[in-house]
Amino acid sequence: MHGNLFLLERTGPTPSFFITIERPSGAGQPPSGAARSLTLFMHNSILVTGGAGFIGSMERDTTSIVNLDKLTYAGNLRNLESIANDRRYEFVQGDIGDRDLVHRLLNHHQPKAIVHFAAESHVDRSIRGPDDFIRTNIDGTFALLEETRAYWTALPDLERARFRFVHVSTDEVYGSLGPDDAPFCESTPYAPNSPYAASKAASDHLVRAYHHTYGLPTLTTNCSNNYGRFQFPEKLIPLMILNARDGKPLPVYGDGQNVRDWLYVDDHCEAIATVLDRGRPGETYNIGGSNEQRNLEIVETVCDIVDEMAPRLSTPRRELVTFVKDRPGHDRRYAMDARKIERELGWRPKETFETGIRKTVRWYLENEGWVRDVTSGSYRQWIAAHYSV
Ligand code: NAD
Ligand code: DAU
């Protein structure tokens, strides 16, 4: 199994945040030879938050990575098995809202950048219980920004200028489109509709304010729906693949005509890496797949591929589609205008939906161990409670 992520250096058996590293004296002064090499070395790492989740476990094998992740139900170290012993990678279990921990991590690892993925990410869960969304997505981002600001302010000039804070956000902050509306662009007014979207919108505003007020070199990315390996099977595509495999009902909300713009996760990761490398501080970049599809079309495509790749059932899997009660406040349509990131930074998606969805279905069918691990205990309780009404 191939894990995804940005990697970090291991400093020894002691948890790294207990080690004190002296910065060279005289910020802004040229350090001595030994001190300078330590500085350059330490400043080559990136702090990733939420790196054990679906998207944060992305590949970036040229850099040292510290992965700060609370390991909620959505975080899974199995996503990172292939790099667990890489000396450039270090995992720290913890909460972005724990300011002491974040303070120690920043001062010990002296990262040159932060890529902030950590969030509560599932809309249905935010409707059932918004508290964790407020705590992590808003309060947690605020705590991270405050500690980052303190760390960044104390950096020597050159490193302060080079530092970057990339905030990973969503198209859901823009609200819902009508059938003939133009796709969301970076200047579309925010109109979040779910507690999840509102919490992400609040975090985006905080990030914006930290750039505007304090000059923190932040960049925000707003992306459409991702799909691919390692996505927790509470989300549409993996849930449908696994239910279809097992011949279970496929719960489609409402009339199944809601539209999402689907992007393969590796393309999203590459866009984030591009923004980190070449984006302009203070800017936001929309990311999307130019691949609008109705939910029912997605589910039917999944059914056909599972029919082809898994043992056949007595009837086509499309017959498992079951229309269920709609999601409250369900946004009708999302679509992203990603021309800015293409024009300014040269990013565009590489994977087509036809190839990406086949890879994704195959991965879920071939990785039964991973699926078994994540679909035990609390997962079963969620599915039972959520789909019983
Ligand atoms: P995910 O739910 O799969 O993973 C989230 C990760 O964050 C998990 O590893 C979890 O343990 C960790 N986490 C949660 N609370 C934390 C806390 N308080 N402290 C530290 N770690 C914590 O989410 P994902 O789908 O990988 O999404 C990552 C980011 O991308 C999120 O910010 C999300 O809003 C955004 N995003 C997701 C999509 C999508 O389609 N999945 C699209 C656009 C943007
Ligand atoms: O748009 C980006 C967002 O995409 C991210 O910010 C979120 O973190 C991510 O979860 C995703 O949100 P959605 O709500 O669009 O994704 P989800 O997979 O939950 O649902 C996709 C569509 O499928 C949506 O219209 C609801 C519908 N759906 C979902 C589930 C789980 C169903 O019809 N049945 C289901 O069982």
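The values are calculated or read from the model by the stated rules, or taken from the named source; none is laboratory data. All figures in this text were calculated on a predicted structure; none of them were measured in a lab. So basically every Cβ, Gly included, is an ideal-geometry build from the backbone, and we count neighbours across all protein chains shown. Ligands, DNA and RNA are stripped out before the accessible areas are found, and what is left, the full protein with its side chains, is counted by its heavy atoms. Shrake-Rupley method; radii C 1.70, N 1.55, O 1.52, S 1.80 Å.
Can you name the residue in the range 186-197 that is away from ligand 2 (no atom under 12 Å from the Cβ) and without any contact (Cβ under 8 Å) to a residue 60 or more places away in the chain and, of all such residues, is surrounded by the most Cβ atoms within 10 Å (Cβ to Cβ)?
The selected residue is Thr188.
Criterion first (on the phi < 0 side of the Ramachandran plot and open to solvent by 10 Å² or more (accessible area, probe 1.4 Å)) does Ala273 satisfy it?
Here the answer is yes, as Ala273 does meet what is asked.
Given the condition more than 13 Å from ligand 2 (Cβ to nearest atom) and touching a Gly at 6+ places or on another chain (Cβ under 6 Å), answer yes or no: does some residue in the range 200-217 qualify?
Yes, that holds for at least one residue.
Among the residues that make up the range 139-160, is at least one of them at pLDDT 95 or above, over 22 Å from Arg278 (Cβ atoms) and within 16 Å of ligand 2 (Cβ to nearest atom)?
Scanning the range 139-160 turns up at least one residue that is at pLDDT 95 or above, over 22 Å from Arg278 (Cβ atoms) and within 16 Å of ligand 2 (Cβ to nearest atom).
Answer yes if at least one residue in the range 213-229 is under 28 Å from Asp277 (Cβ atoms) and assigned to a helix (DSSP H, G or I), and no otherwise.
Looking for residues that are under 28 Å from Asp277 (Cβ atoms) and assigned to a helix (DSSP H, G or I), one finds at least one in the range 213-229, hence yes.
Which is under 25 Å from Asp95 (Cα atoms), within 16 Å of ligand 1 (Cβ to nearest atom), open to solvent by 30 Å² or more (accessible area, probe 1.4 Å) and of a type outside the set (Lys, Arg), of Pro183, Pro130?
Pro130
How many residues are farther than 17 Å from Arg332 by Cα, in a loop (DSSP other than H, G, I, E, B) and among the small types (Gly, Ala, Ser) if we restrict to the range 175-209?
Number satisfying all stated conditions: 1.
Just to confirm my filter: which helices (runs of 4 or more DSSP H) fall fully inside the range 279-389 and include at least 1 residues that are more than 30 Å from Ala209 (Cβ to Cβ)?
Output list reads 295-309, 353-366, 368-374, 378-386.
If you scan the range 335-379, which residues turn out to be surrounded by 15 or more Cβ atoms within 10 Å (Cβ to Cβ) and of a type in the set (Ser, Thr, Tyr)?
Once the filter is applied, which keeps residues that are surrounded by 15 or more Cβ atoms within 10 Å (Cβ to Cβ) and of a type in the set (Ser, Thr, Tyr), the range 335-379 yields Thr360, Tyr364, Thr375, Tyr379.
Restricting the range 118-131 to residues that are outside any loop (DSSP other than H, G, I, E, B) and in contact (Cβ under 8 Å) with a residue 24 or more places away in the chain, which is nearest to Val275 (Cα to Cα)? Steps first, please.
Pass one, the range 118-131, residues outside any loop (DSSP other than H, G, I, E, B): 123-128, 131.
Now drop any that are not in contact (Cβ under 8 Å) with a residue 24 or more places away in the chain, which leaves 123-128.
On the way: Val123: 26, Asp124: 29, Arg125: 30, Ser126: 28, Ile127: 31, Arg128: 34 Å.
Among those that are outside any loop (DSSP other than H, G, I, E, B) and in contact (Cβ under 8 Å) with a residue 24 or more places away in the chain, it is Val123.
Would you pick out the residues in the range 236-252 that are in contact with a Phe, Trp or Tyr (Cβ under 8 Å, 6 or more places away or on another chain) and surrounded by fewer than 20 Cβ atoms within 10 Å (Cβ to Cβ)?
Matches in the range 236-252: Leu242, Pro251.
Residues that are more than 16 Å from ligand 1 (Cβ to nearest atom), hydroxyl-bearing (Ser, Thr, Tyr) and under 22 Å from the mean Cα position of the chain (by Cα): does the range 168-175 have at least one?
no
Which one of Val115, Val102 is within 12 Å of ligand 1 (Cβ to nearest atom), part of a helix (DSSP H, G or I), crowded, with 21+ Cβ neighbours inside 10 Å and within 22 Å of the chain's Cα centre (by Cα)?
Of the residues listed, the single one that is within 12 Å of ligand 1 (Cβ to nearest atom), part of a helix (DSSP H, G or I), crowded, with 21+ Cβ neighbours inside 10 Å and within 22 Å of the chain's Cα centre (by Cα) is Val102.
Give all pairs with beta carbons closer than 6 Å in which a residue from the range 254-272 that is among the hydrophobic types (A, V, I, L, M, F, W, C) meets a residue that is surrounded by 20 or more Cβ atoms within 10 Å (Cβ to Cβ) and at pLDDT below 95; count only pairs at least 6 apart in sequence or on separate chains.
Partner pairs satisfying both residue conditions: Cys269/Met58.
Check Gly228, Gly256 and return the single one that is near ligand 1 (Cβ under 10 Å from one of its atoms), touching a helix residue (DSSP H, G or I) at 6+ places or on another chain (Cβ under 7 Å) and open to solvent by less than 20 Å² (accessible area, probe 1.4 Å).
Gly228
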